[in-house]
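One structure is given here, and the rest of the page talks about it.
Bear in mind that the values in this text are calculations on the coordinates, not laboratory data. What you are looking at is a predicted structure, and each value in this text was computed from that prediction instead of being measured. Here Cβ is always computed from backbone atoms with ideal geometry, including for glycine, and neighbour counts include all displayed protein chains.
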Amino acid sequence: MDSVEMATISLKRPLSTEDLIADESKRQRLSESSFIEQSLNELQEAVVQSEKAIIKEHAAKVLTQKTEDEESEGENELLEEESEDGDPESFADMMKHGLTELDVGITKFVSLHKGFSGILKERYSDFVVHEIGKDGKIIYLNDLSVPADVEDPKEEIFTVLSAEDKKRLEELQLYKNKETNVAIEVIDDTKEKRTIIHQAVKGLFPGLETKTEDRDGKKYIIAYHAAGKKALANPRKHSWPKSRGSFCHFVLYKENKDTMEAINVLSKFLRVKPNLFSYMGTKDKRAITVQAIAVLKITAQRLSHLNKCLMNFKLGNFTYQKHPLKLGELQGNHFTVILRNITGTVEQVEQAMTSLRNIGFINYYGMQRFGTTAVPTYQVGRAILQNNWEEMIDLILKPRPGAEKGYLVQCREEWANTRDPEAALRKLPVKRCVEGQLLRGLSKYGLKNIVTAFGIIPRNNRLMYIHSYQSYVWNNMVSRRIEEYGLKVVPGDLVLKGATAVVVEENDIESYSIHDVVMPLPGFDVIYPKHKLAAAYEEMLAADKLDIKNMRHRIKDYSLAGAYRKLLIRPQDVSWEIVAYDDTRIPLVGTDLEKLEGKPLPVFNEDGKYKALKMEFSLPSSTYATMAIREVLKMDTSIKNQTRLNTVWLR
């Protein structure tokens, strides 16, 4: 489907004020400059009281982008791109029923500047993300060389097998035929040639072993299964040098691919299971992203070979380590963002970016946390927490307004008409989606065992729903907190001491700044603020038929322990510049790959008719760059709002 990207939106109503930031002269972090202290004190009497954002004028930008579909028939073939049928009007119809920021509690701003227009992600190359490793260093792709290793097989292993050989071996490896082995004739019979074929089969097809046989006076390499299907997930131990770490770590550069999509492509080309890969965080699709990946017992040599086969990917910075990567290990992400065709003056941009650097932005959960369709993920999460399993099923499976792929529409209609999971499942050609997994569970366990049927969906996907509900509550409560008390620390607020939350007392107020204040995500293992917000939490959950004093679920997986999240985030390494350009098709930022290839940096035309804001900043993990950009532009980041407001392109 064609994608509608971020639109340009101008906020014309000035913001009203109330008390914003208390004097924090007695508590300044070592890294804060005197300029920051001065700017905070000057804002002591000012406030942002943003009711419902009223957007009166806008300019919208709609882009169509080919959706890329991976074709990986052979290790030496290029990754083909394939566009799906897409209809901008259909997408707009779907988005009419999506969410706005107001729907998920995102209503406030903390800066005082006047908003201006800008286009986000006009090109996917306008949004560049680099991970920040656990050592605090930004991860770049800057080395494509393969570490020298005497244990590596010869390069010929990648070319010695024919396409037909590879096809037969893959079918054998994946148990796709009834053959117990595959015989490969050795045309030029030398010991060296036989050795290379043995290495090629065992190196490229984990789980297969080989032996040499004489048949009718000819030499054959016979490939066969060594240890059954388990060998696919556990590559042979004896083929990996004991002195070498079991995991090959590498930096993955990718364009317009999300992390799971990329790993699926890599695993298909390498002919291994995706669960052999590990990573520290997932990255969005419509961007250029650079992140660390680790894979179990795949050589750097073999990974490097993929650089000759794949489009929109590049692998490098290879090292061998004894450990995999773990989700959450990264410190954060560094963003380079281009906002095109901005309307703000130099003064407005300076005000906006200075505020972002010195004050920061409200640490809202962004719109992607809640889904883009007419049924938000937080509603499904609420039904789970209520033990309302029938409603949960209906929210996921029932027909919904707005455009969807035809087969999903048919599947939903079948479910609504028959409540027959097998019949609805037959309408789905793609069964790995959540709807397909749930229907498969219902087919297997029956409608009287919904909890068990739902459990067939991977745990992380199930927990996504209740985490979305927590985020929904948090966003709403933070907006209430800003509305009640502005950006000053008040008695009853919560701050962290180590990992423990403590209540701010009256005589401790001047020891803290607004950047120390945290707000809880609801759960059984958190405390709540000791002011008006305590009652607000309880009232909101009670309205959803949930008891804030009993957040333990009868199913352990769905018990919410809760957590604490900073009220404000102040980005690090903030810099910006205004650049001029004429051609909307040219990239405005250099990439790691272009630097490796020696391509010159973009050259800007000082007299260009368009202006763009190039901004860089670093954020800790689990924060949303879109919320920082929202604070700069004063724009609603929901696709629904952007699409609804833009009517010209549909005519």
Exercise. Starting from the Kirkwood radius over alpha-carbon pairs of segment 312-425, derive D by Stokes-Einstein at 10 °C in a medium of 1.306 mPa s and give it in µm² s⁻¹.
Key: 80
Quiz item: Roughly how many nanometres apart are two label points built 7 Å out from the Cα toward the Cβ at residue 213 and residue 419?
Solution: 5.8
Exercise. Answer rounded, prolate or oblate for segment 340-492, using the Cα gyration tensor with square roots of eigenvalues a ≥ b ≥ c: rounded when a/c is under 1.5, else prolate when a/b is larger than b/c, else oblate.
Key: prolate
Self-check item: Per residue convex hull volume, Cα atoms of segment 434-499, in Å³
Solution: 142
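Expressed in nm², what is the orientationally averaged projection area of the convex hull enclosing the Cα positions of segment 293-377?
10.9
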Quiz item: Given the C-alpha centroids of segment 398-468 and segment 507-584, what is the distance between them in whole angstrom?
Solution: 32
Self-check item: Projected-area average for segment 419-470 over all orientations - Cα convex hull basis, square nanometres
Solution: 3.8
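Classify segment 368-419 from the C-alpha gyration tensor, please: rounded if a/c falls under 1.5, else prolate or oblate depending on whether a/b exceeds b/c. Spell out each step's value before the answer.
Numbers: a/c = 3.39, a/b = 1.27, b/c = 2.68.
Oblate, since a/c reaches 1.5 and b/c is not below a/b.
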Exercise. May I ask you to work out the translational diffusion coefficient for segment 487-620 at 20 °C, viscosity 1.002 mPa s, via Stokes-Einstein with Rh from the Kirkwood sum over Cα pairs, reported in whole µm²/s?
Key: 111
Quiz item: For segment 319-386 and segment 261-296, what is the separation of their C-alpha centers, rounded to whole Å?
Solution: 21
Exercise. Determine the distance separating the Cα centre of segment 483-498 from the Cα centre of segment 161-175; give it in Å without decimals.
Key: 63
Quiz prompt | Within-15-Å neighbourhood charge of residue 461 [Cβ basis; K, R +1; D, E -1] | solution = +3
Self-check item: Segment residue 268-residue 505, extension gain: residue separation times 0.36 nm, minus the distance between their alpha carbons
Solution: 79.6 nm
